[in-house]
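A short write-up of the structure that comes next.
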Protein chains: 2
Amino acid sequence: MEYQDEVDYVSGKTRVFGIVGHPIEQVRSPEMFTAEFRRRGHDAILVPLHVLPDDFDAVLPQLLRLRNLGGLVFTIPFKARACAFADAMGDSARVVGAINALTKGADGRWHADIFDGLGCVEAFRRRGIGFRGKRVMLLGAGGAGSAVGVAVGFERPAWLRIFDVDTERATALAAKIGRASPGLDVDVGPSATDGVDILLNASPVGMLGDPRLPLSIATLPRELVVFDAIVKPERTPLLALAEKCGCTTVFGREMMRGQISRMVDFFLA
Amino acid sequence: MEYQDEVDYVSGKTRVFGIVGHPIEQVRSPEMFTAEFRRRGHDAILVPLHVLPDDFDAVLPQLLRLRNLGGLVFTIPFKARACAFADAMGDSARVVGAINALTKGADGRWHADIFDGLGCVEAFRRRGIGFRGKRVMLLGAGGAGSAVGVAVGFERPAWLRIFDVDTERATALAAKIGRASPGLDVDVGPSATDGVDILLNASPVGMLGDPRLPLSIATLPRELVVFDAIVKPERTPLLALAEKCGCTTVFGREMMRGQISRMVDFFLA
């Protein structure tokens, strides 16, 4: 045995998970999910699976026939299309009309849900902050905003106000959340912090060196809790201002971690 | 960062390889190939892919559409069927009529070969022993014996004699090797060591606690080089006798390592 001829992190017994994406090189799920599986003492690995959009419908059903496949994660171009392969969808997925996780249940069926928004709720829970009874302002009604809005709506805030530069999109999301959470006070409004307890940014403003704030404001009340879904940079202009004003800040990376934790619960259920 | 939230051995950039098998839990390729990739500084991982025999023909072509799939290894039930998915086959694979490795060439085509026998040749090469001009006795003309016999035939031994309890099978293999290596002195004969330089056991006799020798003999000439393809146990009854008689011994595990090395050459070519 003149050299280390075996690694200790993959074997014939390892349960395999995959992230299906296009492109694939930038995804962070392989290193993060695999670490979470290990932390929980589970012999599993998540590997990147680069599928071209034209191949998706043919490849997916065959991937699902791999007997040791535990589940799949989907990146943006596939989140809506992947619904077709789910036998059962969770509440968030049904409302959003997209999934980002698919796993084989003990019943042999493929269960799906979307965890982007649940990750935000989980991040707040870990900070000891609940949404119930809170007044919440959500900026951004795109993919991330939809997921966050639907998940927060299920938490029964006092009210939820949505702003998007595309008012139609904000209106459509408010209606969707209203249908999913009957009786919830949800509407569209201007981006402001008056009477708001929790400010959520799910718009792309402030991403990757963009110096702008997602709302026109010079200061924030220190009682406000400010969250930004953006992961890069970690400290967005909005979060930097919030810190300066003494607000509690919740970072995009915390949402990502919360999401991974909830998804691994789902995968190992 | 309250805990280690990333592993360092898989990411979105990692090239994925798989071993397609049924059953799958017992395979050793994941830990061994992955170690060899790492040893060569290549960001790649080999994972187990459990495919049921009934699913094989439908699953395979779709697996090959994964853009970051570097190649596949096949276990016994699939070695012959996998030929259907190769665009080009190496010399050994064409003669044996089976493959155990498939990889995407720079030309975008799927190249295949079988390395079981090449692993034996490689193990000898690493010991500084060539087959050229040697008198070789091969015991066993099944799957392993065929692969070893064909690969050794290509090395131009002085002659190659084959023994199998099933004489028809030995005869068929001798004919196949003769066609693959025209002019080679290859025939079927009794299991004996008279005038033999290298004795190769590729029969299952001596495997997993079987106390028998693959030939009826009480002693071996010390000039003989004795190889056993069996991996478990490492020291088969044949190799134990060979050691007792002062022979040079080559172990099944060396063939496995030689094979992995040659296959990784093939995968990274």
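Only one entry of B:Val51, B:Val20 meets the criterion of being of a type in the set (A, V, I, L, M, F, W, C), open to solvent by less than 10 Å² (accessible area, probe 1.4 Å), at the interface with another protein chain (Cβ under 7 Å from one of its Cβ atoms) and touching a helix residue (DSSP H, G or I) at 6+ places or on another chain (Cβ under 8 Å), and that entry is B:Val51. With respect to being touching a helix residue (DSSP H, G or I) at 6+ places or on another chain (Cβ under 8 Å), crowded, with 18+ Cβ neighbours inside 10 Å and not aromatic (Phe, Trp, Tyr), B:Asp187 falls outside the description. Being closer than 30 Å to B:Gly252 by Cβ and within 7 Å of chain A (Cβ to nearest Cβ) holds for only one residue in B:Glu25, B:Glu36, and it is B:Glu25. The set of residues in region A:35-48 that are open to solvent by less than 20 Å² (accessible area, probe 1.4 Å) and free of Cβ contacts under 8 Å to residues at least 24 places away in the same chain contains only A:Ala35. Considered as a group, the residues in region B:1-17 that are surrounded by 15 or more Cβ atoms within 10 Å (Cβ to Cβ) and acidic (Asp, Glu) include one that is nearest to B:Val231 (Cα to Cα), and that residue is B:Glu6. One residue stands out among those in region A:236-269 that are more than 22 Å from A:Glu31 (Cβ to Cβ), modelled with pLDDT of 95 or more and not in a helix (DSSP H, G or I): the one that is most open to solvent (accessible area, probe 1.4 Å), which is A:Thr248. Mind listing just one residue for me: the one in region B:39-48 that is more than 8 Å from chain A (Cβ to nearest Cβ) and not charged (D, E, K, R) and, of those, farthest from A:Lys13 (Cα to Cα)? So, considering only residues that are more than 8 Å from chain A (Cβ to nearest Cβ) and not charged (D, E, K, R), the one farthest from A:Lys13 (Cα to Cα) is B:Gly41.
Just to be sure before I move on: is A:Leu60 under 30 Å from B:Met255 (Cβ atoms) and open to solvent by less than 10 Å² (accessible area, probe 1.4 Å) in the structure I sent? Answer is no for this residue.
Here region B:107-128 is the region considered, the condition is being out of contact with any helix residue (DSSP H, G or I) (no Cβ under 7 Å at 6 or more places or on another chain) and in a loop (DSSP other than H, G, I, E, B), and the residue that is surrounded by the most Cβ atoms within 10 Å (Cβ to Cβ) is B:Arg127. The requirement of being of a type in the set (D, E, K, R) and over 22 Å from the mean Cα position of the chain (by Cα) is fulfilled nowhere in region B:18-38; no residue meets it.
In region B:129-156, the qualifying residues are those that are assigned to a loop (DSSP other than H, G, I, E, B) and among the basic types (Lys, Arg), and the one that is most open to solvent (accessible area, probe 1.4 Å) is B:Arg132. The test for being part of a strand (DSSP E or B) and under 25 Å from B:Gly128 (Cβ atoms) holds for B:Leu200.
The single condition from (1) farther than 21 Å from B:Phe124 by Cβ; (2) out of contact with any Phe, Trp or Tyr (no Cβ under 7 Å at 6 or more places or on another chain) that B:Phe267 fails is (2).
The values are calculated or read from the model by the stated rules, or taken from the named source; none is laboratory data. Treat the numbers as computed from the prediction; the structure is a model and nothing was measured. Counting neighbours? That spans all protein chains shown, and the Cβs are built from the backbone with ideal geometry, glycine included. These area figures cover heavy atoms from the full protein model, side chains too; ligands, DNA and RNA do not enter into them. Shrake-Rupley method; radii C 1.70, N 1.55, O 1.52, S 1.80 Å.
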